[in-house]
1. Go through segment 362-389 residue by residue and tally those that are more than 15 Å from residue 280 (Cα to Cα) and either over 26 Å from the mean Cα position of the chain (by Cα) or not aliphatic (A, V, I, L, M) (or both).
2. List every residue pair whose Cβ atoms lie under 7 Å apart, where the two residues are 6 or more positions apart in sequence or sit on different chains, the first residue falls within segment 376-396 and is touching a residue at least 60 places away in the same chain (Cβ under 8 Å) and over 17 Å from residue 270 (Cα atoms), and the second residue, located anywhere, is outside any loop (DSSP other than H, G, I, E, B) and among the polar types (S, T, N, Q).
3. Take the residues in segment 147-172 that are of a type outside the set (A, V, I, L, M) and touching a Pro at 6+ places or on another chain (Cβ under 9 Å), then tell me which one is surrounded by the most Cβ atoms within 10 Å (Cβ to Cβ).
4. When only residues in segment 143-181 that are assigned to a helix (DSSP H, G or I) and among the acidic types (Asp, Glu) count, which is farthest from residue 204 (Cα to Cα)?
5. I need the full set of residues from segment 153-182 which are over 20 Å from the mean Cα position of the chain (by Cα), within 23 Å of residue 382 (Cβ to Cβ) and not small (Gly, Ala, Ser), in order please.
6. Pairs under 6 Å by beta carbon, first residue in contact (Cβ under 8 Å) with a residue 40 or more places away in the chain and over 20 Å from residue 227 (Cα atoms) in segment 323-336, partner among the hydroxyl-bearing types (Ser, Thr, Tyr) and surrounded by 23 or more Cβ atoms within 10 Å (Cβ to Cβ), six or more apart or different chains?
7. If we keep just the residues of segment 214-242 that are at pLDDT below 80 and part of a helix (DSSP H, G or I), which is surrounded by the fewest Cβ atoms within 10 Å (Cβ to Cβ)?
8. Looking at the structure I just gave you, is residue 211 on the phi < 0 side of the Ramachandran plot and modelled with pLDDT of 80 or more?
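The values are calculated or read from the model by the stated rules, or taken from the named source; none is laboratory data. Because the structure is a prediction, the values reported are computed rather than measured. Cβ atoms come from the backbone with ideal geometry, glycine included; neighbour counts cover every protein chain shown.
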Amino acid sequence: MVRCCKALSNPPPSCYNLRKVKIHVRRLRSGNSGSCAGEQHPQLESPGPAGSAGGTPNRRARFRLQFPQLALRRRLGQLSCMSRPALKLRSWPLTILYYLLPFGALKPLTRVGWRPVSRVSLYKSVPTRLLSRAWGRLNQVELPTWLRKPVYSLYIWTFGVNMKEAAVEDLHHYRNLSEFFRRKLKPQSRPVCCYHSVISPSDGKILNFGQVKNCEVEQVKGVTYSLESFLGPCTSTEDMQFSQTSSCSSLQNQLVTKEGNELYHCVIYLAPGDYHCFHSPTDWRVSHRRHFPGSLMSVNPGVARWIKELFCHNERVVLSGDWKHGFFSLTAVGATNVGSIRIYFDGDLRTNSPCYSKGSYNDFSFITNNNKEGIPMRKGEHLGEFNLGSTIVLIFEAPKNFSFHLKPGQKIRFGEALGSL
């Protein structure tokens, strides 16, 4: 508690200023006297004779300033510079704060000698799976008709969406964000190339492509991940699909089923403004599905350069089978706010579900007693879809004379050629 005694009869100029501050604070406090019952209010004493003659002090008789420990925020709000009513904190700024807190605390902790085990473990501490589930629930909320155009127009302006290619250009048609993300395109906007053996399964950006060497795949230039960590180990049931021999020493050799062939890969990044559905890149048969529950970290190329084996940590769905040249696989990799991966012919698939634990995988075979060939897919046929944006990784077997018609970093659209023999 701090007390200020009665002002002097001939105070210096600084005391006059202090007296003005005292009176101003008292007036502000007196306005809130009704909401501060039970507290002792400061009073001001007047130095005149009336105040000294009577035994009861009046409003200008005395000044007392208190600083209670638990009322600092309210008292600061009484100052003239903070007299405006404070804005109420919303839930979404706090969510952003919690999301960025591990990164904001990294620098101060580093100064005092703390060192993280790895950048991956730091990033994985962020509850991306929970945030993605919350985002998925938000996407399902139906928007009022009057609000749809402003919300979708902001998204179109932010991410550069070309609505002229959409099958339905009227923004009022999409009831929620999920329908807008999964919008269909006009058939003539994406012609499928018939002269090349492998086409792009989606719109996006080419991050990397080439031959698989030493059982490693490049997610971006200079950053690799192991083939076994990405696809998982071969099981006894998969050996029939992947290889006819059991003496192979590496997974790469098991996947190459024909002599003279090589293993190739291609990584395509889907930005939030891209077309979110993906299609079959060639004529092939899908015989097996493997689901890896995992993290949902961002797959932005900048993050992919920062975190090694990013695609191996994220949730993903591996579809494997064969085409005319041997083994073929398409992997849909989840990302932040993209925990929902849908495969049209697989109704049992559930991604970003709390019942699955990280570090495990779930296998499902499409080959049954009634279906010996799996799921046949034609080039350009609808295969699945994402929410928002993500990554597709193709790993396939082809002859040595197979060549890509791509450049690193180029933009590509669904139906355009990836490579040919």
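1. Number of matching residues: 14.
2. What qualifies is 395/329; 396/329.
3. Our first condition is that a residue be of a type outside the set (A, V, I, L, M); within segment 147-172, this holds for 148-150, 152-153, 155, 157-160, 162, 164-165, 169-170, 172.
Now restrict to residues that are touching a Pro at 6+ places or on another chain (Cβ under 9 Å): 155, 158-159.
Values: 155: 16, 158: 10, 159: 13.
So the residue we want is 155.
4. 179
5. Within segment 153-182, 162, 163, 164, 165, 168, 169, 170, 173, 174, 175 qualify.
6. 336/128
7. Only one residue fits best here, namely 240.
8. yes
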